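The structure appears below as structure tokens.
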Amino acid sequence: SDYKQEPPRHPALAINSKEPFNAEPHRSALVSSYVTPVEFFYKRNHGPIPIVDDVNKYSVSFTGLIDNQKELYMKDIWNLPKYTVTATLQCAGNRRTAMSKSQKVRGVGWDISAIGNAVWSGAKLADVLELIGIPKYSNVTSRGGKHVEFVSIDKCKEENGGPYKASIPLSQATNPEADVLLAYEMNGETLNRDHGYPLRVIVPGVIGARSVKWLDSINIIANECQGFFMQKDYKMFPPSVNWDNINWSSRRPQMDFPVQCAICSLEDVNMVKPGKITIKGYAVSGGGRGIERVDVSVDGGKTWVEASRSQKSGMLYISDDESSDKWAWVLFETEADISQATEIIAKAVDIAGNVQPENVEVIWNLRGILNTSWHRVHVRVGH
Ligand code: MTE
Ligand code: MO
């Protein structure tokens, strides 16, 4: 098969699909460190992992609505100023398995770990585009380009054997503050094959689907990318839409992800000893909106306490503090006394005051994306 040369992976990952390889770590791995180790970072693929043997021969071509078609080699990318951005990548399908329990959805099942926080380094896309002749803060090129399409070298069955692709608006791509990267390092090491070697896009604050791995070309186009993953997937429909009445063109491709949080130190099967327990998890919001607050309940939502929040630089007291990583998650923690079986709940509020929905039913959608409902864990108590 095409899957004969897959890279080695950590044996502790839970495999949700083998070919293509889709896997997530145990939830406890996410709260062991602020930066998720590469080997425990979820892997989300739609085809075999491409092989790039000679990084010096590898190039990205720039085509479309620009004055001159260009080709950039890795040395051109390495020569640009190197930026490092801590950003949380989250698959839109994170927590899909739980949504499917309410009513069946289509898609790879994921528990709560189709998310990770990494330190990405590379060139800013705004600098790369400037190098090929598109100024910073452009909304449109002289030839009418308004979107930047990223095309991979992989092959996906959803694209009938063609490459994975996606686009973002030109205004975002040319805005240096949007921190869109062409990344060649993850957590200070050369990007590995699973995560896009030698070069991938990182679009902070946006669902993972737009952070195209194994970049082959960048096309400047007038309208958003017409690929499968932009037009026939990763769109959020209302609960009334089913596979018989779906009209894909009635919805826009999902970009920013909504406010999300999950408890990682406990799971439904846990039997805990009566007394003090520690409740830990992650909270994150899209679009660079930081986390304002995380509320935790240990009595099924009757009463709430505010959890403490931290990033690598330490405890956070004001979420829009200059020292906070705006594209990255916060880890939260609180202690509680448990004496009987109970439901433990976490819900977050972002700096725009956005809250998570109480139940999965109200946001149920046939593709099972963006399950951001309050995260609930049922624990039993015993010795
Ligand atoms: N890029 C390519 N070329 N092929 C893919 O299948 N999957 C996307 C995105 N980029 C994908 C891709 C999706 S849906 C997600 S969630 C992220 O990559 C996952 O990135 P990761 O595997 O590095 O965690
Ligand atoms: Mo994804």
TODO: Please specify each residue of segment 119-141 satisfying the condition of being surrounded by 21 or more Cβ atoms within 10 Å (Cβ to Cβ) and not in a loop (DSSP other than H, G, I, E, B).
DONE: 120, 122, 123, 124, 125, 126, 128, 129
- [ ] Test residue 116 against the stated conditions and say whether it is within 16 Å of ligand 2 (Cβ to nearest atom) and assigned to a strand (DSSP E or B).
- [x] yes
- [ ] Among the numbered conditions (1) among the hydroxyl-bearing types (Ser, Thr, Tyr); (2) buried (at least 16 other Cβ atoms within 10 Å of the Cβ); (3) within 16 Å of ligand 1 (Cβ to nearest atom), tell me where residue 59 comes up short.
- [x] (3)
Task: All strands (runs of 3 or more DSSP E) inside segment 1-105 with 2 or more residues being of a type outside the set (D, E, K, R) and under 29 Å from residue 127 (Cβ atoms) - done: 59-64, 70-73, 83-90
Open item on the list: Among the residues of segment 321-363, what is the count of those that are surrounded by 19 or more Cβ atoms within 10 Å (Cβ to Cβ), touching a Pro at 6+ places or on another chain (Cβ under 6 Å) and assigned to a loop (DSSP other than H, G, I, E, B)?
Closed with: 1
TODO: Go through (1) within 16 Å of ligand 2 (Cβ to nearest atom); (2) in contact (Cβ under 8 Å) with a residue 24 or more places away in the chain and name the single condition residue 23 misses.
DONE: (2)
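Can you pull out the strands (runs of 3 or more DSSP E) entirely within segment 142-247 that have at least 3 residues that are in contact (Cβ under 8 Å) with a residue 24 or more places away in the chain and either surrounded by fewer than 18 Cβ atoms within 10 Å (Cβ to Cβ) or more than 16 Å from ligand 2 (Cβ to nearest atom) (or both)? So that I can check it myself, show each step before the final result.
On the way: elements: 147-152, 165-169, 181-186, 200-202, 215-221.
By residue number, 147-152, 181-186, 215-221.
For (1) among the hydroxyl-bearing types (Ser, Thr, Tyr); (2) within 16 Å of ligand 1 (Cβ to nearest atom), each residue gets a yes or a no:
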| residue | (1), (2) |
| --- | --- |
| 102 | yes, no |
| 117 | no, yes |
| 121 | yes, yes |
| 128 | no, no |
| 132 | no, no |
| 135 | no, no |
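Let's see how each residue does on (1) at pLDDT 95 or above; (2) more than 18 Å from the chain's Cα centre (by Cα); (3) assigned by TED's automatic domain parsing to the domain that holds residue 331:
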{"residue": "238", "(1), (2), (3)": "yes, yes, no"}
{"residue": "255", "(1), (2), (3)": "yes, no, no"}
{"residue": "266", "(1), (2), (3)": "yes, yes, yes"}
{"residue": "276", "(1), (2), (3)": "yes, yes, yes"}
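The values are calculated or read from the model by the stated rules, or taken from the named source; none is laboratory data. Please read all numbers here as calculations on a predicted model, not as lab measurements. Glycine gets a Cβ as well: all are built from the backbone with ideal geometry, and neighbour counts include every protein chain shown.
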